[in-house]
Structure formats: structure tokens, C-alpha cells
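Undergrad: Next up is a structure, given as C-alpha cells.
The values are calculated or read from the model by the stated rules, or taken from the named source; none is laboratory data. Keep in mind that this is a model prediction, so the values were computed, not measured. All Cβ positions, glycine included, derive from the backbone under ideal geometry; neighbour counts span all protein chains shown. Surface areas here come from the heavy atoms of the whole protein model, side chains and all, with no ligands, DNA or RNA. Shrake-Rupley method; radii C 1.70, N 1.55, O 1.52, S 1.80 Å.
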Amino acid sequence: MPDTEQQSVGIVQTQRMHFAQPLALRSGASLADYELVYETYGELNADRSNAVLIAHALNASHHVAGRYADQPDNVGWWDNMVGPGKPIDTRRFFVVGVNNPGSCFGSTGPMSTNPETGRRYGPDFPVFTVEDWVHAQARLADALGIERFAAIMGGSLGGMQAIAWSYLYPQRVAHCVAIASTPKLSAQNIAFNEVARRAIITDPDFHGGRFYDHGVVPTRGLQVARMIGHITYLSDDTMAERFGRLLRGGAGYGFSFDAEFEIESYLRYQAEKFAKYFDANTYLLITRALDYFDPAQGHAGDLAAALAGTAADFLVVSFTTDWRFSPQRSRDIVQALLRNGRDVTYAEVDAPHGHDAFLLDDPQYHALLRAYFERIAEEVDAGQTATIEAIEAIEAIEERA
């Protein structure tokens, strides 16, 4: 069995691309003169048919796999999925990870300087939708010379982007892989997002989104927002198994409001860590994009009608203990696709980890993805062979002429 380093893409570098043409947004606003940061792994084949786009979720980025030379502990957020010999095998696929506009990991966002004012965008940064992100990704694909992706894949919010690709650019997607995702947020999910946003907005250090000008960060609001979100990513079984009602240090009750239970300490730790690297305005923007996603909205609530123009094959994966985006939401996607005669593979994985399961090393889940991408790789190889044979036939005819 190869060691861990051989199973990794190794040292990677972030790349940057500038776009001068304004990006028109669904809101009617536009973003001019922006940059996208991205990473690539593997090699693009001769006919550019082996590209896989990985769309990121709320607090992830373009750094999908590998590590940085100057930050060896900064491992890509889906490194267990992408790499040589892994389910998305970079010996066979050219994988692209892109950071969406509005994020805080290098692409133009609220922390960037607004060229019109010379100050940071802050709350002036336009609101993006999932569809807006997909259009930005399509521009990057154009610049990279990728006309059609072998697959577009994402988990959670990333799955929404993969679905949006399937109906916005149906001829550019061979396979759509949506994991732990949903065709729209429930009222409960919107409520969680709103509570998180209010925690940030009502933090005295938020300053209407201009906290950069004051040299502060709305740390308390960000921490509460992260705690709310993190609770929804875990299953009750996982929380019970890892923490239960354990007290810190095993002592009795302290009869105080300090962190006495292990679960309290864990949530505080995660919240403090998050608030050190994530931008508050970005959190507002991305949660609102989650709220707005609803492809059926323009089709009288009919998801099948919204997906009627899709042409890709689909893999839809859910997890039994995911109560944030429950398996029923994935079944809704599957049923809508089947009504349109699409080729759909659906798997409901029995995993105890809740919504976060899509990031973890569940053997059944990884075996499923490995098998599906083996099928895609075989299609890519067959297509390359057919292309080469066609070129050779044309050349033979030209020689005889």
C-alpha cells in the first residue's frame, strides 16, 4: 500500500486570473475588474476531455488537495478525495478547484479594494447567487480552454453549484455529482442562517460592515454564527458518542456559566479558530446565496421543469444522519431528474456523521465515488481513442488525396 505522501498531489501552488469584462449578476448589479484564484491537479489530456471541477462549500476554498511548501500543515479540504490513487484520481483527471467571488481566500470579495472608491468593498460588495458563481466559473473554464467538463462535483453548497451547472450549461457537463445537497433550503435552514447573520450584524464591532476601517473584527458575532452552523453539521449520534454529557476534567458541576461540558469547550474552540480566518461580510454573502438557491422558483415550483434542459448523467449522494440537508432533499432531485429521463445514480449512505460526512473517510462512500469516477475515466479514455482514430482516418484520406 503506498504511503500517505505517494497518495497526495504533494506541493501545490495557487494561481490567479484577472477578468476585465464585468460579470453581470442576477441582482442587476455587476462586478468589474475582478480576480479568481484557483488550483489545478493532474494534467489536462490532449483533447481536454478529462477536466473535473470541484465547487466548494461555505467555508472552503480553491485549496482542494495537497499542501503548500511554506505551510505544510495546510492540507486541502478534500485531500482524502482528490489525488493519485484516490476516488478522483489525478493520474487520470485534471482537477480544478476555484475560489468563488465574495469569498475571503483570494478571489475578489468584501476584503478587496473597490477600484471606484479606493477602500475595501465591505458591505458594498454585490450579493451573489449560486448561478452567478457558476457563470464566473464558466469564464475561468473558457480561459483554461475547457469546453466541457468530464464531471462537476461538490458537496453541500458545492452540490448546488454542480446542479446549477447542469441546467445553465447543459452541453458543458458530462456528469454532475451532487453530494449532501438540496434543491432549496427549508424554512428551518433559512432560519439557522438568519440567526447566524444577526449574531454578526448585531455585534458592536461590525460597524455596518465597515469594521475594516475601525481595525476590529466582529469576533463575538462570528463565533456565535460558527457555533450555530457547526451544530447543524453534526449528527446527534456523533455528538453523543464524542462528547455525551462529559464534564471537562471529569469534575462535578462548577455552578457557573463557563464551559463545563466537553461539547461547550469543543464548540468554543471551533468558533474561536473560525473567527480568526473567516470574513464576516463573506459569511453574510454566502449564507444569503444559500437562501436564494431555488431553481424551481421560476417554474412555478416544479423542479422537474427547472431541470428539463439538463443533459448530464447524475450521481446524487445523501447520508442517513444528515438533518441539515436530509436524504429526502436528495430524493427530490432524483425524482425530478427521472421525470426527465436522465441517467441517475442515487446512493443513501448509512453514515453516523451527519452533514459533515461528505468530508470524511467513510469506506462505503469513498468506494462509491471511486467506482463512479472509474466509469467516467473509461468514458474519457474511449472518447480519446475515438478522437485519435478519427484524426488518423482524416490524415489517411488527405495523404491519398
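Undergrad: Does segment 354-368 hold any residues that are touching a Gly at 6+ places or on another chain (Cβ under 8 Å) and open to solvent by less than 20 Å² (accessible area, probe 1.4 Å), and which are they?
TA: Phe358
Undergrad: Which count do you get for residues in segment 91-117 that are open to solvent by 10 Å² or more (accessible area, probe 1.4 Å), part of a loop (DSSP other than H, G, I, E, B) and within 30 Å of Ala46 (Cβ to Cβ)?
TA: Residues in segment 91-117 being open to solvent by 10 Å² or more (accessible area, probe 1.4 Å), part of a loop (DSSP other than H, G, I, E, B) and within 30 Å of Ala46 (Cβ to Cβ): 2 in total.
Undergrad: Output the number of residues of segment 140-197 satisfying the condition of being in contact with an Asp or Glu (Cβ under 8 Å, 6 or more places away or on another chain), open to solvent by 40 Å² or more (accessible area, probe 1.4 Å) and aliphatic (A, V, I, L, M).
TA: Total meeting the criteria: 2.
Undergrad: Filter the helices (runs of 4 or more DSSP H) completely within segment 183-300 down to those with at least 2 residues that are acidic (Asp, Glu).
TA: The qualifying helices (runs of 4 or more DSSP H) are 236-242, 262-277.
Undergrad: Next up: Go through segment 112-143 and give me each residue that's of a type in the set (A, V, I, L, M, F, W, C), farther than 13 Å from Gln161 by Cβ and touching a helix residue (DSSP H, G or I) at 6+ places or on another chain (Cβ under 7 Å).
TA: Of everything in segment 112-143, those that are of a type in the set (A, V, I, L, M, F, W, C), farther than 13 Å from Gln161 by Cβ and touching a helix residue (DSSP H, G or I) at 6+ places or on another chain (Cβ under 7 Å) turn out to be Phe125, Val127.
Undergrad: Still on this structure, please answer the following. Residues to consider are Ala280, Ala336; find the one that is closer than 30 Å to Tyr121 by Cβ, buried (at least 21 other Cβ atoms within 10 Å of the Cβ) and touching a helix residue (DSSP H, G or I) at 6+ places or on another chain (Cβ under 8 Å).
TA: None of the others qualify; the one that does is Ala280.
Undergrad: Okay, next question. Give the residues of segment 238-277 that are within 28 Å of Asn74 (Cα to Cα) and either in contact with a strand residue (DSSP E or B) (Cβ under 9 Å, 6 or more places away or on another chain) or aliphatic (A, V, I, L, M) (or both), sorted by residue number.
TA: Met239, Phe243, Glu262, Ile263, Leu267, Ala271, Ala275
Undergrad: Confirm whether Ala371 is at pLDDT below 95, surrounded by fewer than 16 Cβ atoms within 10 Å (Cβ to Cβ), on the phi < 0 side of the Ramachandran plot and of a type in the set (Gly, Ala, Ser).
TA: no
Undergrad: Give the residue, chosen from Phe358, Phe373, that is more than 25 Å from His230 (Cβ to Cβ) and not in a loop (DSSP other than H, G, I, E, B).
TA: Phe373
Undergrad: From the residues in segment 54-74 that are open to solvent by 40 Å² or more (accessible area, probe 1.4 Å) and in contact (Cβ under 8 Å) with a residue 12 or more places away in the chain, which one is nearest to the chain's Cα centre (by Cα)?
TA: This residue is Asn59.
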